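The values are calculated or read from the model by the stated rules, or taken from the named source; none is laboratory data. Owing to the predicted nature of the structure, the values given are computational and were not obtained by experimental measurement. In this analysis, Cβ positions are derived from the backbone assuming ideal geometry, glycine residues included, and neighbour counts consider all displayed protein chains.
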Amino acid sequence: MSSEKIETQNNDTTSIEILDDKDDTRELKGNMQEPEYEIENQEKSIYRILKEIPEKEKDDLWNEIKYHKKSIYRIFVPQYMNDTSSNDDYVVTYSYDHDSFLGWPINIDEKNKLNELQPDVYVKLVPLNNLLPYLDDFVLLSKKIMSLYLYCKHWLIDFNNDRTGDTGFLELENIVNCVDSDNGHDGRDTIGFLPNGDLIQVSLINKKIYKYCLENKPKNKGSWKCSQIYNLKIPKSLRGQYTKLHSSICQEKLFLIVNDHKTLII
């Protein structure tokens, strides 16, 4: 696979520029599920911070957790677990039989002995039927925030136990396109995390990059406000020449995959 690095200096090869304001943001387009449908699913879904469970609900919930533990199918670890402090030592398990997620803090005592793990957040999504085929490389975990695509929708689940209320589902200020453009040339939006926990949303359809600072993440209802907007400029040599464009984020680099074989590194 050939690779070409696109410099981000202020010259003819500039591929990203920072906007001073948000006035240039265009309306997102695409075959999206209606927002009301997503909100309805979130309201029907179950999100519980275990330390806050009322006594009358504890028995039933802990029975569900017991079944979850017996049928764990996958374990998700943080994307930058080895690159950041121990504060990010947190894993999420998925039970295929029980259709649920559990968040687990990993605590290591002063003698470097692993304590018995105890979950602190329980999540059950609706709908979650046949989720297994969708649990692929597009699932990310960073700073106790999980990103995944499900049924042409994007989900952000906050496993931080400092949330207030009974919702752990984050919504970004800019709607996430989960399908390719109408002509099939531009891929769906890409979601990624920087090592410091900031979230990046790349919209190929709108040629925009949105940055969401971790410190601005809401602890209750309300959208996660965008902190910066960048213009994504396709090099002149490629304009009108590609039939497929997808993106991927790793560390602090954005990879544009052109026609499934050429990669631009930004």
Q. Which pairs do you get when a residue that is touching a residue at least 12 places away in the same chain (Cβ under 8 Å) and of a type outside the set (D, E, K, R), found in segment 53-73, comes within reach of a residue that is exposed (fewer than 14 other Cβ atoms within 10 Å of the Cβ) and not in a helix (DSSP H, G or I), reach meaning Cβ atoms under 8 angstrom, with the pair 6+ apart or on two chains?
A. TYR67/ASP97; SER71/ASP97; TYR73/ASP97
**Q.** Given (1) surrounded by fewer than 19 Cβ atoms within 10 Å (Cβ to Cβ); (2) not in a loop (DSSP other than H, G, I, E, B), number of the condition ILE209 does not satisfy
**A.** (1)
Q. List pairs: first in segment 139-159 and under 14 Å from GLY103 (Cα atoms), second among the small types (Gly, Ala, Ser) and part of a loop (DSSP other than H, G, I, E, B), Cβ under 8 Å, 6+ apart or cross-chain?
A. SER142/GLY197; LYS143/GLY197; ILE145/GLY197; ILE157/GLY168; ASP158/GLY168; PHE159/GLY168
Q: Taking LEU28 as the residue in question, decide whether it is modelled with pLDDT of 60 or more and either out of contact with any Cys (no Cβ under 6 Å at 6 or more places or on another chain) or exposed (fewer than 13 other Cβ atoms within 10 Å of the Cβ) (or both).
A: no
Q | Those residues of segment 172-196 which are more than 13 Å from ILE249 (Cα to Cα), in contact with a strand residue (DSSP E or B) (Cβ under 7 Å, 6 or more places away or on another chain) and part of a loop (DSSP other than H, G, I, E, B), in sequence order | A | GLU173, ASN174, VAL176, ASN177, CYS178, ASP180, HIS185, GLY187
